[in-house]
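*Asks:* Before we start, here is the structure in question, set down as structure tokens.
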Amino acid sequence: MDESGGNGQPRSGSDEAPERPAGQSTPADDTARPEPKPSEDRPAPHTPADGATPARTDLSPGQQPPAPTEPPADHRTATPTESPQQPPDPSADHGTPARPEPQADTPPAAAFRSDDDAAAPTPAAPTGDRKPPQRPKEPGGGILMGRPFGVPVYVAPSWFLVAALITWVFGGQLDRVLPELGNARYLVSLFFAVAFYASVLVHELAHTIAALRFKLPVRRIQLQFFGGVSEIEKESETPGREFVLAFVGPLLSLVLAGVFYVALQTVEPGTVPGVLLAGLMISNLIVAAFNLLPGLPLDGGRMLRAVVWKITGKPMSGTVAAAWVGRALAVSVLIGLPLLTQSGALGTGAENLGGMDTVTDALLAAILAAIIWTGAGNSLRMARLREHLPELRARNLTRRAVPVQTDTPLSEALRRANDAGARALVVVDAEGEPLSLVREAAIVGVPEHRRPWVAVSGLAQELTDGMRVSAELAGEDLLDALRAAPATEYLVVEDSGEIYGVLSAADVERAFVKAMARPS
């Protein structure tokens, strides 16, 4: 498949907080050392003797909410086990959350603001038993016809339009060949339309089987106005596999044409079976020949892409070459198809062509050209997307987060976040285990004068397994993880289980758009 600015700007992978060995003591005067400013390039030091280090969120001094009437005794840092009566044990086995370096272009004043950057509110999750993330909705696109090899096959509404068109056109031809059929010819024509698209489905299944053989996930197969499409979600790893994946479709259409030719020899010509088999043989030959044209988005264009990729060693060069050939092909179809029809080169005498036929041919050529041109452009965009996808790294896009307990007032939690330069809040239990994430949109919706009386637990979304993502995720793997469990915020953890920070879906979207806007 070709898909930020502001808060989501990627930053260097070297901006990671240094790890402190467990149990290492910190000099007392380190507690007085101020937190680094967001603009500093060096990683923030750990906060000593608090059992957890706050991660980074934005708050402007002018927007700092009032502290509650009785603030906790220790104002230095936010700690999951913080209590005025009993300080936390720094040797607790829950460890210290890592602190991602703030993004350089994001001032602290940008956090929790009520503008378009704020995500849409999500209803607070219940605090009972945790539920596993729901399976994402399957792709739509029409009527579900079945699941061969586990891949859903859909018939788009536009298919019914082309089926009616084929029935009408083929029915007119049958009237000249088999006039004795009468109105029954339209029933035979409808059968031909269904059989023809069954052949197209076999063509697409060839692509699907090859993709599954190469361990490439196939999202769906869709039969639509001009044929079908297999939506393969990942790129082939080698040009050889790309060539095979593209070639098997036209190859199977040629095989079907041969099968119909052999079957045609067993029936009497001039009969209904003979006419149907001849029509299916010719239509499959046309499908194979058309798809072998060397321009994207046709199979021949993917084969050309594989060849250029093999020669240059650059998949993007192959895509650019095949896409521009595809655009040239679209112009040729737009101009050449009506000219060929008018000249009688396609088997129809020029003297038999009327004004309506000329308009129909021009319209058909325009639709085909638009499909090819658009498909070539989409192929370029998809290639650009895959080229820039590795730049989307969870570690680079993660916001610092402050751990707070469930009964912490929102104003106090925001004060701690502001002091730590953090831009997210993680609700933890008494042992420092994360329970939920405080939603940024919910914070924006609470008036400042009510924040001392609102507990963070009332604004939090319960963590599910799908909302925990690895800090090492990047590119398509990161997007797949977010698609599998749609949410506005995600908890980013190290491989060891240690909290790294909070990832906002809005930040990922902005980074995605920014990556797509950059030239290849």
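The values are calculated or read from the model by the stated rules, or taken from the named source; none is laboratory data. Only a predicted model underlies this, so the values are computations on that prediction, with no experimental measurement involved. As a convention, Cβ positions derive from the backbone with ideal geometry for all residues, glycine included, and neighbour counts pool all protein chains shown. These accessible areas exclude ligands, DNA and RNA; they are computed on the full protein's heavy atoms, side chains included. Shrake-Rupley method; radii C 1.70, N 1.55, O 1.52, S 1.80 Å.
*Asks:* What list of ³J(HN,Hα) values in whole Hz, one per residue of region 426-442 in order, does the Karplus curve 6.51 cos²θ - 1.76 cosθ + 1.60 (θ = phi - 60°) give from phi, with Gly and Pro shown as x?
*Replies:* 10, 7, 10, 8, 5, 9, x, 7, x, 10, 7, 10, 6, 6, 4, 5, 5
*Asks:* Further question: Rounded, prolate or oblate: which fits region 441-520, taking a ≥ b ≥ c as square roots of the Cα gyration tensor eigenvalues, rounded meaning a/c under 1.5, else prolate when a/b beats b/c?
*Replies:* Here region 441-520 falls in the oblate category.
*Asks:* Can you tell me how much longer the chain between Glu498 and Thr238 gets when fully stretched, taken as 0.36 nm per residue apart minus their C-alpha distance, in nm with one decimal?
*Replies:* Length gained between Glu498 and Thr238: 89.9 nm.
*Asks:* Moving on to the next point. Rounded to the nearest 10 Å², what accessible area does Leu473 have for a 1.4 Å probe in the complete protein model?
*Replies:* 40
*Asks:* Can I ask one more? Binned at 5 Å from 0, what are the whole-percent values of the Cα-Cα distance distribution for region 182-322, short to long?
*Replies:* 2, 10, 17, 19, 17, 12, 8, 6, 4, 2, 1, 0
*Asks:* How do Arg395, Arg213, Arg381 rank by accessible surface area computed with a 1.4 Å probe, from largest to smallest?
*Replies:* So the residues, ranked largest to smallest area, are Arg213, Arg381, Arg395.
*Asks:* Separate question: Quick check: pseudo-label points 7 Å beyond the Cα along Cα→Cβ at Ser470 and Arg450, how many nm apart are they?
*Replies:* My value for the distance between the label points is 4.2 nm.
*Asks:* When ranked by the protection proxy of mean other Cβ atoms within 10 Å per residue, highest first, what sequence do the peptides 331-339, 298-306 form?
*Replies:* Result, highest mean first: 298-306, 331-339.
*Asks:* Just read off the accessible area of Glu448 with the full protein assembly in place, 1.4 Å probe, to the nearest 10 Å².
*Replies:* Using a 1.4 Å probe on the heavy atoms, I get roughly 90 Å².
*Asks:* Could you order Trp309, Trp324, Trp453, Trp373 so the one with the most accessible surface comes first? Probe is 1.4 Å.
*Replies:* Highest to lowest solvent-accessible surface, that is Trp453, Trp324, Trp373, Trp309.
*Asks:* Now for a different question. Ignoring ligands and nucleic acids, what accessible area does Lys234 show with a 1.4 Å probe (Å², nearest 10)?
*Replies:* In the full protein context, Lys234 sits at about 70 Å².
*Asks:* How many percent of the accessible area of region 473-520 is carbon or sulfur, using a 1.4 Å probe?
*Replies:* The nonpolar share, carbon plus sulfur, comes to 61 percent.
*Asks:* Where does each of 176-182, 474-480 land if you order them by average Cβ count within 10 Å, highest first?
*Replies:* Output ranking for 176-182, 474-480: 474-480, 176-182.
*Asks:* Expressed as a whole number of Å, what is the distance separating the alpha-carbon centroids of region 356-419 and region 185-205?
*Replies:* 37
*Asks:* Moving on to the next point. Around Met145, which amide H atoms from residues at least 5 apart in sequence, or from another chain, sit under 5 Å from its own amide H, with H modelled in the peptide plane?
*Replies:* Val153, Tyr154, Val155
*Asks:* Roughly how many nanometres apart are two label points built 7 Å out from the Cα toward the Cβ at Thr406 and Ile143?
*Replies:* Once both label points are built, they end up 5.1 nm from each other.
*Asks:* Report the net charge of residues surrounding Ala206, where surrounding means a beta-carbon distance below 12 angstrom and charges are Lys +1, Arg +1, Asp -1, Glu -1.
*Replies:* -1
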